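Data block below; observations after.
The values are calculated or read from the model by the stated rules, or taken from the named source; none is laboratory data. Predicted model only: the values in this text are computed from it and were never measured. Cβ placement follows ideal geometry from the backbone for every residue including glycine, while neighbour counts extend to all protein chains displayed. Heads up: the accessible areas ignore ligands, DNA and RNA and are worked out on the full protein's heavy atoms, side chains in. Shrake-Rupley method; radii C 1.70, N 1.55, O 1.52, S 1.80 Å.
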Amino acid sequence: SAKAAGSNQWSFFKEQMTERAAVRLRTEASLHDALKNNEFLLYLQPKLDISTNKVIGCEALIRWKKDGRLISPMSFIPVAEETGIIIPIGRWVIEQSCKILRDWQKKYNFALPIAVNVASQQFADPSLVPDIKQMALRYQVRPELLEIEITETSLMNDIELAISKLEQLKSAGFGIAVDDFGTGYSSLSYLRHLPITTMKIDRAFVSDLPNDSAIASTILMLGQQLNLSIVAEGIENQDQLDWLRDHNCPIGQGFFYSQPLPLEEFEMKYLASKNALISHI
Ligand code: C2E
Ligand code: MG
Ligand code: MG
Ligand code: MG
């Protein structure tokens with residue numbers, strides 16, 4: 001009967017929910033252990049000046065080394081956000097990045113900016129701004145060497161709050177990039193009030209190049225009008241890069257230049273010799 005079917009569906013639904021909740025709890029518990037046992041790593045992916053092929057910065061991307069395997073942030077960041085453990089994980093990412101910047105200064109007498117991703121919930125945390133300032137101070141990192149990447153969607157959650165936080169970060173000297181630009185629902189009228197320094201064109205629009213270039217062109221124009229730096233994400237081939245160069249996109253990032261690399265490899269490739277800062281692809 002319909003009623004029995006409905007009830008079956010309900011119990012199926014309940015089972016699914018219970019299963020989901022159980023998976024979430026298990027993942028949360030192991031994320032706690034992961035923090036305690038130092039199972040997170042930062043990989044670094046270079047950002048290049050498209051016209052000179054020079055490395056001008058990098059993005060820190062978290063990995064979880066669990067039982068010898070590397071787990072992608074896409075599979076644990078959402079759970080970390082749901083459970084709140086993103087706050088200490090995010091703090092770890094920022095602290096680690098500050099340490100790397102301090103070490104580069106000591107080892108190579110060289111400064112290359114690092115961009116860190118800040119999750120929505122972490123951005124909403126009142127201690128984010130004081131935490132970042134305090135860590136930069138503790139590791140003696142010049143604020144302009146640390147760039148905060150926030151997705152367009154997180155910024156639009158509460159625009160007034162976003163503006164006031166970004167103002168605090170910007171006036172302290174940190175760089176601010178809007179990540180995955182074009183995938184959220186920015187109100188264009190608010191965009192010009194946001195104290196940001198950079199827009200990152202989402203990979204989805206870069207992968208459409210060169211054939212379908214309407215969105216990428218529009219974002220580039222918008223960035224130029226608003227006096228923002230623009231990074232094209234996810235460049236995978238020469239044709240995409242050629243289009244971006246022809247359209248004056250200043251900065252690029254993607255597998256075509258380099259995959260995200262473990263810290264030691266990144267240092268060897270890009271910092272151990274200054275010549276290496278120029279890519280030869
Ligand atoms: P995102 O910040 O937009 O980072 C770019 C993602 O695109 C990275 O994936 C990077 O490896 C990947 N990527 C770069 N170039 C290419 C390319 O040419 N082709 C393709 N197909 N992919 C490319 P990853 O490292 O798996 O990170 C995925 C997302 O997880 C990030 O997107 C970011 O939203 C989040 N994430 C990563 N690390 C952190 C972190 O430390 N904290 C927080 N809150 N989120 C993070
Ligand atoms: Mg990012
Ligand atoms: Mg992105
Ligand atoms: Mg993304």
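For region 79-131 versus region 38-64, the inter-centroid distance based on Cα atoms is 14 Å.
Cross-link reach is defined here as a Cα-Cα straight distance under 13 Å, omitting same-chain residues fewer than 8 places apart; for Lys170 the aspartates and glutamates meeting it are Glu144, Glu147, Glu149.
Residue separation of Arg138 and Gln16 scaled by 0.36 nm, minus their Cα-Cα distance, works out to 39.3 nm of gained length.
Over 28 Å between Cα atoms, which of Lys14/Lys66; Lys54/Lys99; Lys107/Lys133 qualify? Don't skip to the end; give the middle numbers.
Numbers: Lys14/Lys66 30 Å; Lys54/Lys99 23 Å; Lys107/Lys133 23 Å.
From the list (Lys14/Lys66; Lys54/Lys99; Lys107/Lys133), the Cα-Cα distance tops 28 Å for Lys14/Lys66.
Axis angle, to the nearest 10 degrees, between helix 128-138 and the longest C-alpha principal axis of the chain: 50 degrees. Here Thr153 sits with roughly 80 square angstrom of accessible surface, probe radius 1.4 Å. Seen against the Cα atoms of the chain and their longest principal axis, helix 214-225 is set at about 60 degrees. If the Kirkwood radius is taken over C-alpha pairs of the chain, then at 20 °C and 1.002 mPa s the Stokes-Einstein diffusion coefficient equals 106 µm²/s. Of all the options Lys106, Lys200, Lys165, the one that moves most in a Gaussian network model of the chain with Cα springs shorter than 10 angstrom is Lys106.
By the Cα gyration tensor, region 1-111 has an equivalent ellipsoid whose semi-axes, rounded to whole angstrom, run 42, 17, 10 from largest to smallest. When +1 charges are put on Lys and Arg Cβ atoms and -1 charges on Asp and Glu Cβ atoms, the dipole computed for region 190-281 relative to its Cα centre reaches about 380 debye. Relative to the longest principal axis of the Cα atoms of the chain, the long axis of helix 159-171 lies at roughly 40 degrees. For the chain, the share of DSSP beta bridges that are antiparallel, to the nearest 5, is 45%. Mind checking which of Thr198, Gln140, Asn157 is farthest towards the positive end of the chain's charge dipole, using Cβ charges of +1 (Lys, Arg) and -1 (Asp, Glu) about the Cα centre? Sorting the options by dipole projection puts first Gln140.
Remark: relative contact order (region 42-87) = 25 percent; criterion is Cα-Cα distance under 8 angstrom and separation of 6 or more residues. Computed over all pairs of different Cα atoms, the Kirkwood value for the hydrodynamic radius of region 167-245 is 13.1 Å.
Measuring with a 1.4 Å probe in the full set of protein chains, what accessible area per residue, in whole Å², belongs to the chain? Please list the in-between numbers first.
Working: 14430 Å² over 281 residues.
On a per-residue basis, 51 Å².
In straight-distance terms, cross-link reach from Lys47 covers every one of the aspartates and glutamates whose alpha-carbon lies under 12 Å from its own, apart from those fewer than eight places away in the same chain; here that gives Glu59, Glu233. Spin-label pair Asp212-Leu271: with each label point 7 Å from Cα along the Cα-Cβ axis, the two points sit 3.9 nm from one another.
Would you work out what percent of the accessible area of the chain, with all protein chains in place, is carbon or sulfur (probe 1.4 Å)? All intermediate terms of the calculation are to be shown ahead of the outcome.
Values: 7610 of 14430 Å².
Carbon and sulfur together cover 53 percent of it.
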